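Data block below; observations after.
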Amino acid sequence: MGLTVLDAGVVIALLDAADTHHAAAVASVRIARDRGDVLVLPASAYAECLVSPHRRGPDAVAVVDRFLDALPARVEPADRSIAGAAAALRAAHGTALRLPDALVIATALVGGADRIVTTDAGWPAVPVPVEVLATA
């Protein structure tokens, strides 16, 4: 039993069967759940997941929320310790590390995560294990 932090692209892929990463996202999350991992979605990644649904309306947003509840995946707020860790990561890595990625990494570090799962093939080198879902 561990903690797996999901990046926005993973949730987006889970929700869209036509997404290039859908099958890999489903498999990765299934493995994490079979291990008994707690799934966490940083608040910043949750916001990214909701951009497109908000363009479609409140029903689309509700679908995302119901999905996360059923998964289950906890949305982790960006508190002071996570924000501080993200700032420290940005200071250490400069422009090579974007703030959204720094917030995901910081959520993993502060929460003691075992892994981060992302669809981002250009994910920066980080001090936690990262599973990058290959393009199908």
Segment 68-128 versus segment 32-64: alpha-carbon centroid distance in Å: 15
Which angle between 0 and 90 degrees, to the nearest 10, do you get for helix 58-70 versus the longest principal axis of the chain when only C-alpha atoms count? 70
Given an 8 Å cut-off on Cα distances and at least 6 residues of separation, report the relative contact order of segment 15-136 as a percent. 26
Helix 22-35: inclination vs the chain longest Cα principal axis, degrees, rounded to 10, gives 70
Between the helical axis of 99-111 and the dominant principal axis of the chain, each derived from Cα atoms, what acute angle in degrees is found, rounded to the nearest 10? 80
Dipole of the chain, positive direction: furthest Cα of VAL126, ILE105, SER81, with charges on the beta-carbon: SER81
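Each value in this text was obtained by applying a stated rule to the coordinates, not by laboratory testing. Remember, predicted model here, so these are calculated numbers, not experimental data. Reconstructed Cβ throughout: ideal geometry from the backbone, glycine too, with neighbour counts over all protein chains shown.
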